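Written below as structure tokens is the structure these notes are about.
The values are calculated or read from the model by the stated rules, or taken from the named source; none is laboratory data. All values derive from a computational prediction rather than experimental measurement. Every residue, glycine as well, gets a Cβ built from its backbone with ideal geometry; the counts of neighbours run over all protein chains shown. Heads up: the accessible areas ignore ligands, DNA and RNA and are worked out on the full protein's heavy atoms, side chains in. Shrake-Rupley method; radii C 1.70, N 1.55, O 1.52, S 1.80 Å.
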Amino acid sequence: MDQVQVGRLVVIGVGLIGGSFALALKTAGACREVIGVAPPGKTCEQAKSLGIVDSASSSLAEVLPQLEASDLVFIAVPTLAVESVFAQIRAYMPEGVTVTDGASVKGSVVRAAKTVWGRVPSFLVPGHPIAGSEHSGAAAARDDLYYNHRVILTPLPETGTGHLQRVVQLWQVAGASVLKMSVEEHDVVLAATSHLPHVIAFSLVDTLAHDAENENIFRYAAGGFRDFTRIASSDPVMWRDIMLANRDAILKAIDLYSLNLSALREAIASGDSTSLMGVFTRAKTARDQVTKVLTKQACSEFMPTKAMTFTAQPGGCVIGRLRVPGDKSMSHRAIMLGSLAEGVTEVAGFLEGEDALATLQAFRDMGVVIEGPVNGRVTIHGVGLRGLKMPPGPLYLGNSGTSMRLLAGLLAGLGFDITLTGDASLSKRPMDRVAGPLREMGAIIETGSGGRPPLRIKGGRRLYGIDYRLPMASAQVKSAVLLAGLYASGETSTVEPAPTRDHTERMLQGFGYPLHRDGAKSTLCGGGNLKACHIDVPADISSAAFFMVAAAISPGSDIVLEHVGVNPTRHGVINILGLMGADIQQFNKREISGEPVADIRVRYSPLKGIRIPETQVPLAIDEFPALFIAAACADGETVLTGAAELRVKESDRIQAMADGLAVLGVEAKPTPDGIVIPGGRARTVFSGGTVDSLGDHRIAMAFAVASLRAKDTIRILHCANVATSFPNFADLAVSVGLRLQLA
Ligand SMILES: O=C(O)C1=C[C@@H](OP(=O)(O)O)[C@@H](O)[C@H](O)C1
Ligand SMILES: C=C(OP(=O)(O)O)C(=O)O
């Protein structure tokens with residue numbers, strides 16, 4: 001943006017902050033002239049010799065009267081000196097000039113304006129760039145200090161729109177992104193995130209420096225000490241002013257911190273290792289999350305745009321052995337039941353994907369100490385069925401339907417109010433299917449419009465057991481009711497219209513909870529307890545399915561998938577591919593943690609189109625995107641019916657697949673509860689093209705597999721959510737022969 005935005009820029013206080021603003025605007029050619037104003041002494045002369053300002057003055061009385069309406073004044077003096085600058089502006093400045101500032105406290109700036117003018121003048125735009133360094137003075141100024149940083153503006157109702165716009169534009173020219181908040185909010189947020197850390201750093205270094213026994217301590221100080229205390233080198237005058245100017249908010253932050261520090265001291269004194277692990281694991285997760293946000297990775301509530309694209313080059317086959325990550329359904333349940341158990345539960349093979357991590361974080365937020373995951377190992381310090389604590393805010397469950405629906409049941413009978421939220425996709429998914437039966441049990445649950453998230457669950461409700469006939473085949477609904485049943489008086493039963501995954505039932509039994517199963521009916525009584533255990537989570541058959549289909553459709557393929565969970569309620573993909581003529585063998589069958597596990601070998605063999613038996617639908621519900629790719633590569637038509645549930649997953653999977661297939665030249669016909677897919681025998685069934693996964697992990701991975709039978713490159717948009725269920729999909733895919741790249 002090489003256009004002049006202001007005429008003259010007057011910078012009052014040409015140190016790091018003021019000098020860097022001047023340099024940024026000069027470099028961008030956004031002002032005609034920069035005038036530096038500072039008390040007599042060397043700063044301003046130095047700024048001139050460094051080329052930061054064009055002219056220097058020590059007198060505002062001299063500079064201000066010459067200004068015109070298109071000029072701008074930037075005040076970058078220590079916070080408490082702002083008032084005396086305002087007094088001179090009032091005395092000497094002509095009308096129309098814009099004034100903004102960079103002080104770290106906004107309440108005191110507004111108070112100073114009111115003292116000087118009796119009100120906040122319309123030309124004043126209070127601001128605060130969130131950038132800086134422990135170095136100060138003109139010599140430290142840089143033209144890129146604000147590049148990619150945030151600037152908070154705190155305009156008031158009286159602030160003039162033209163003045164505000166001008167300041168916003170200038171910060172944007174300097175490379176910053178501008179956000180607006182109220183003066184009060186700014187001061188509370190900054191007290192916690194900036195002012196308190198400075199208090200602690202100054203005080204720690206001062207403590208150590210004054211302790212005679214620590215005379216030599218700085219000599220041995222390593223990186224951790226340096227990182228932690230870097231900000232204690234900051235300008236003392238500036239920080240004294242900030243402390244005095246933002247006193248109340250800083251005192252509150254110090255009090256809260258002192259309380260937590262005392263609790264930590266107590267935990268250390270009494271050797272309370274669980275509490276120590278609680279503080280450290282929560283802090284580590286929070287800090288890691290901050291790092292992700294700062295480095296603009298996915299996986300966070302604050303990152304709505306999931307922009308990753310897969311580019312899959314055509315052709316190839318898959319050869320090799322691999323173990324895909326842990327089962328998602330079991331990983332969720334291991335965290336839930338481990339948290340509610342008495343004692344310490346050890347989990348191996350945990351899926352470190354975003355969905356299961358959202359569940360893990362929810363339980364941390366409810367006070368459960370959870371160590372890991374480290375290489376799939378998680379240690380959960382169970383708190384018992386009544387030991388969960390009210391979280392500090394709503395539980396954010398990202399993209400994960402399983403987390404939200406199972407938690408709704410599990411939390412409906414607890415003693416505190418709670419809100420469950422999710423990302424844009426989860427916020428469109430139906431929740432009445434769980435809210436309905438839970439209300440019948442006595443829960444009070446409010447949904448958002450149309451029965452969608454957020455879910456607001458009222459605490460302190462008495463729940464009563466019910467006998468619930470599920471209107472649809474859904475393991476999530478069944479599990480929500482059974483988990484609520486743990487807290488209900490009397491018996492709770494579910495009867496399902498067709499078998500769905502039974503991990504909840506198996507795992508409850510594994511945790512020693514009596515549960516009776518009789519055909520489609522599962523029954524338990526509230527009031528029991530869960531005993532901690534060891535859980536070995538097998539590889540997820542839903543993730544393995546992509547490689548099973550990959551091998552089944554590409555000539556020359558031979559792949560072994562190790563340690564896959566082959567629970568009969570998850571077996572649909574093997575059954576359906578078998579009916580289509582795929583060459584699939586299971587071997588090393590064994591039972592681990594109450595679940596059948598096997599190694600699965602798949603070799604290429606020509607497939608034929610089939611009418612998929614409706615009984616198989618719930619048993620393969622998540623595998624259909626991959627199965628549709630297999631169907632497109634089969635000889636003859638494949639017909640799916642009875643699968644309306646696919647329309648309410650992370651995307652409408654019937655429509656999303658039909659649209660993507662159409663882009664790739666396959667004219668599938670969606671129906672209300674299924675799809676008809678014409679087969680294709682040619683070596684290349686799919687053309688190339690760009691398909692949109694709509695942020696649905698399984699759609700993204702399915703089209704990546706299609707590349708094995710494509711003529712040209714397939715680009716797949718919005719793939720970042722692959723990390724919800726299969727974070728290392730691309731690496732594993734490439735390792736066995738897919739020609740996949742990420743961008
Ligand atoms: O209980 C579970 O872990 C799941 C059940 C299924 O959902 P529905 O219950 O909606 O069929 C499945 O699609 C989901 O990925 C996981
Ligand atoms: C439907 C799925 O998950 P969830 O319902 O947990 O979002 C899935 O993983 O395909």
Self-check item: Average silhouette area of segment 335-385, convex hull of alpha-carbon atoms, in square nanometres
Solution: 2.9 nm²
Quiz item: Full extension from Ala269 to Ala192: what is 0.36 nm times the residue separation minus their Cα-Cα distance, to one decimal in nm?
Solution: 25.0 nm
Quiz item: Under a point spin-label approximation (7 Å from Cα along Cα-to-Cβ), what is the His534-Gln509 distance to one decimal in nm?
Solution: 2.1 nm
Quiz item: Ignoring ligands and nucleic acids, what accessible area does Val663 show with a 1.4 Å probe (Å², nearest 10)?
Solution: 70 Å²
Quiz item: Ignoring ligands, DNA and RNA, what percent of the 1.4 Å accessible area of segment 189-259 is carbon and sulfur?
Solution: 60 percent
Quiz item: What percentage of the solvent-accessible surface of segment 606-740, computed with a 1.4 Å probe over protein heavy atoms, is contributed by carbon and sulfur atoms?
Solution: 53 percent
Quiz item: Angle between the Cα long axis of helix 236-245 and the longest principal axis of the chain, 0 to 90 degrees, nearest 10?
Solution: 80 degrees
Practice problem: Using every Cα-Cα pair within segment 14-57, state what percent have a distance larger than 13 Å. | Solution: 45 percent
Exercise. Quick one: net charge around Leu16, please, counting Lys, Arg +1 and Asp, Glu -1 for every other residue with C-beta under 14 Å from its C-beta.
Key: -3
Quiz item: Quick one: putting +1 on the C-beta of Lys and Arg, -1 on the C-beta of Asp and Glu, what dipole do you get for the chain around its Cα centre, in Debye to the nearest 20?
Solution: 1040 debye
Quiz item: Per residue and in cubic angstrom, what volume does the convex hull of the Cα atoms of segment 216-257 have?
Solution: 100 Å³
Self-check item: Accessible surface, segment 189-259, averaged per residue in Å² (probe 1.4 Å)
Solution: 65 Å²
Exercise. Select from Pro453, Ala249, Thr115 the residue farthest towards the positive end of the dipole of the chain; place +1 on Cβ of Lys and Arg, -1 on Cβ of Asp and Glu, and compute about the Cα centre.
Key: Pro453
Quiz item: Which value, in Å² rounded to 10, gives the accessible area of Glu68 with a 1.4 Å probe and all protein chains present?
Solution: 100 Å²
Practice problem: Check the straight Cα-Cα distances from Lys389 and name the lysines below 24 Å, setting aside those fewer than 8 residues away within the same chain. | Solution: Lys252, Lys284, Lys458, Lys531
Quiz item: Expressed as a whole percent, how much of the Cα-Cα distance distribution for segment 189-259 exceeds 15 Å?
Solution: 57 percent
Quiz item: Expressed as an acute angle from 0 to 90° and rounded to the nearest 10, what is the orientation of the C-alpha long axis of helix 354-365 relative to the principal long axis of the chain?
Solution: 60 degrees
Self-check item: Ranking by accessible area, most exposed first, for Ser651, Ser203, Ser59, Ser449 with a 1.4 Å probe
Solution: Ser449, Ser203, Ser59, Ser651
Quiz item: Looking at segment 588-658 from every direction and averaging, what is the projected area of its Cα convex hull in nm²?
Solution: 6.4 nm²
Exercise. Sum -39500 (n - 2.57) across every DSSP H segment of at least 4 residues in the chain, then divide by the residue count to get the 222 nm mean residue ellipticity, nearest 500.
Key: -11000 deg cm²/dmol
Self-check item: With Cα atoms, 0 to 90° folded angle of helix 16-27 axis to the chain main axis
Solution: 80 degrees
Quiz item: What are the semi-axes of the equivalent ellipsoid of segment 164-292, taken as the square roots of 5 times the eigenvalues of the Cα gyration tensor, listed largest first and rounded to whole Å?
Solution: 31, 21, 17
Quiz item: Can you give the percent of C-alpha pairs in segment 565-724 whose distance is more than 21 Å?
Solution: 45 percent
Quiz item: Using r as the Cβ-Cβ distance of Ala140 and Glu614, and R0 as 51 Å, what FRET efficiency do you calculate, to the nearest 0.05?
Solution: 0.10
Quiz item: In whole Å and largest first, what semi-axes does the C-alpha gyration tensor of segment 23-103 yield when each eigenvalue is scaled by 5 and square-rooted?
Solution: 19, 16, 12
Quiz item: What is the extension gain from Arg462 to Gln585, computed as 0.36 nm multiplied by their sequence separation minus the C-alpha to C-alpha distance, in nm to one decimal?
Solution: 39.3 nm
Quiz item: Taking every eigenvalue of the Cα gyration tensor of segment 6-181, multiplying by 5 and rooting it, what semi-axes result, largest first, whole Å?
Solution: 21, 19, 15
Quiz item: So what are the radius of gyration and Dmax for the Cα set of segment 123-214, in Å?
Solution: 17.1, 59
Quiz item: How many percent of the accessible area of segment 6-181 is carbon or sulfur, using a 1.4 Å probe?
Solution: 49 percent
Quiz prompt | Positive dipole terminus of segment 676-733, leading residue within Phe729, Leu717, Thr684 (C-beta point charges) | solution = Thr684
Quiz item: Hey, what did segment 6-181 get for relative contact order, percent, Cα under 8 Å, at least 6 apart?
Solution: 24 percent
Quiz item: Antiparallel DSSP bridges in the chain: what percent, to the nearest 5?
Solution: 55 percent
Practice problem: Among Val189, Leu694, Gly660, flag the residue with its Cα farthest along the positive direction of the charge dipole of the chain, charges on Cβ as +1 for Lys/Arg and -1 for Asp/Glu. | Solution: Gly660
Quiz item: Rolling a 1.4 angstrom probe over the protein heavy atoms, how many square angstrom per residue are accessible across segment 329-536?
Solution: 34 Å²
Quiz item: Could you sort His210, His135 by accessible area so the largest value comes first, with the probe set to 1.4 Å?
Solution: His210, His135
Quiz prompt | Nearest-20 debye value, segment 329-536 charge dipole, Cβ charges on Lys, Arg, Asp, Glu | solution = 440 debye
Quiz item: Can you give the accessible area of Arg142, probe radius 1.4 Å, in Å² rounded to 10?
Solution: 110 Å²
Exercise. Would you rank Lys478, Lys284, Lys252 by solvent-accessible area, highest first, keeping every protein chain in place and using a 1.4 Å probe?
Key: Lys252, Lys284, Lys478
Exercise. Mind running the shape call on segment 151-193? Use the C-alpha gyration tensor, a ≥ b ≥ c as the square roots of the eigenvalues: rounded below 1.5 for a/c, prolate if a/b tops b/c, oblate otherwise.
Key: oblate
Quiz prompt | Ratio of Rg to Rh over segment 329-536 (Cα coordinates, Kirkwood Rh, two decimals) | solution = 0.93
Exercise. State to the nearest 20 debye the size of the charge dipole of segment 489-593 about its Cα centre, where the only charges are +1 on K and R beta carbons and -1 on D and E beta carbons.
Key: 200 debye
Quiz prompt | Principal axis box of the chain, alpha-carbon based, largest edge first, Å | solution = 90, 62, 54
